[in-house]
1. List, please: which pairs have Cβ atoms under 7 Å, are six or more places apart or on different chains, and start with a residue in the range 291-315 that is without any contact (Cβ under 8 Å) to a residue 40 or more places away in the chain and over 13 Å from residue 254 (Cα atoms) and end with one that is in a helix (DSSP H, G or I) and within 16 Å of the ligand (Cβ to nearest atom)?
2. Please indicate, with yes or no, whether at least one residue in the range 130-148 is more than 19 Å from residue 399 (Cα to Cα), surrounded by fewer than 17 Cβ atoms within 10 Å (Cβ to Cβ) and in contact (Cβ under 8 Å) with a residue 40 or more places away in the chain.
3. Restricting to the range 125-145, what's the tally of residues that are part of a loop (DSSP other than H, G, I, E, B) and either away from the ligand (no atom under 15 Å from the Cβ) or over 18 Å from residue 247 (Cβ atoms) (or both)?
4. Does residue 280 fit the bill of being within 14 Å of the ligand (Cβ to nearest atom) and either over 20 Å from the mean Cα position of the chain (by Cα) or not assigned by TED's automatic domain parsing to the domain that holds residue 331 (or both)?
5. Within the range 52-82, work out how many residues are within 27 Å of residue 166 (Cβ to Cβ) and in contact (Cβ under 8 Å) with a residue 40 or more places away in the chain.
6. Within the range 241-268, how many residues are within 13 Å of the ligand (Cβ to nearest atom), crowded, with 22+ Cβ neighbours inside 10 Å and either closer than 26 Å to residue 335 by Cβ or under 14 Å from the mean Cα position of the chain (by Cα) (or both)?
7. Can you run down the residue pairs with Cβ atoms below 6 Å, 6 or more apart or on separate chains, where the first is in the range 156-172 and in contact (Cβ under 8 Å) with a residue 12 or more places away in the chain and the partner is surrounded by fewer than 19 Cβ atoms within 10 Å (Cβ to Cβ) and part of a helix (DSSP H, G or I)?
8. I'm checking my understanding of the structure. Among residues of the range 146-166 that are more than 10 Å from the ligand (Cβ to nearest atom) and assigned to a helix (DSSP H, G or I), which one is modelled with the lowest pLDDT?
Ligand code: SF4
């Protein structure tokens, strides 16, 4: 593969015939982005289709205008879309002969289908909040961002690939979005969402980091407990199918979360599996926790949440960013998979997101990795999980749909 692979989608598909073609295509769509033509947008039906807007991060073209949040491929693979300017050479969704199709340089690849909007989306809570801005829908799960502000940004220590606060400012100006949502609004929205029988199979929460509190991050955990208790009002069982994506907190804080709430799985995103690059890319996480402590806390979490219930996410490709990243894709792959294997030996899965260089970030205008790199990485992570007999049901194609490697768990 060398410094940077230059293989196209078809060349990569020919080289790795055992890798599911539609998962590879989805990975490349995440990598290159997507552009909706005016014709494709003309058939968007706001009463039927789910439009973007509630996402925690911004788009690649920096616009919040209403466009389809995602689409489905013919095998049920869901693809979150990040609208991208045409000059960046994205895939294009077009309307041809009355069908919505994905094209690449005018060559039709696949028919696509816009996500259908849940019934609760246009309803309001008793306080007047629009329910779609309290709880979003992602594939088969309900998705909440209780706190859209990340306090690492106070000291300019946000992660270098992240635009959460810039996106929040834009959302507050352009749509009815609250920085912190109220537990009562959450309880009411979840109640309404669950009326749509069979649509949702899990609930996921994530937020910006908040280091305040007697022990750092107590405030973040207190707020999650409040929100999770509100969600729990809708369930009779002690635990409900759910995932919390939070900062790597201490064993005591993890225990509090586990014992006081219905949360059933935990994700603490280390973002990049290399200590030096982590220190550069995630200065806030490095200052408040450190790379080695982050790994230790992931391992501690397995003791509390149990096997097959803990994972960490990486923004894959950022380990190749300039000027601090690896210069060679083979070298980067080897280093990342070695770290993932070590974590897996303690029961911690790693899932990858494809890095999207967004305009309102420090790393805007950089290029992410090659498709061949992402294929080998997804494959490697899936093989590591198989080797250590780890399951990833709580973060797979049904629940999340944003991880090429856990999409593979469906086939292997
Ligand atoms: S911890 Fe990093 S990735 Fe997460 S919200 Fe804050 S800046 Fe963004």
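The values are calculated or read from the model by the stated rules, or taken from the named source; none is laboratory data. The structure displayed is predicted, hence computed values, not measured ones. Cβ placement follows ideal geometry from the backbone for every residue including glycine, while neighbour counts extend to all protein chains displayed.
1. So the pair list comes out as 291/278; 291/279.
2. No, the conditions are met nowhere in the range 130-148.
3. Result for the range 125-145: 9.
4. yes
5. Going through the range 52-82 one residue at a time, the tally reaches 20.
6. From the range 241-268, those within 13 Å of the ligand (Cβ to nearest atom) are 245-249, 267-268; that's our starting set.
Narrowing the set further to residues that are crowded, with 22+ Cβ neighbours inside 10 Å leaves 246-249, 267-268.
Imposing the further condition that a residue be either closer than 26 Å to residue 335 by Cβ or under 14 Å from the mean Cα position of the chain (by Cα) (or both) reduces the set to 246-248, 267-268.
Selection size over the range 241-268: 5.
7. Listed pairs, sorted by first residue: 157/283; 165/153.
8. 166
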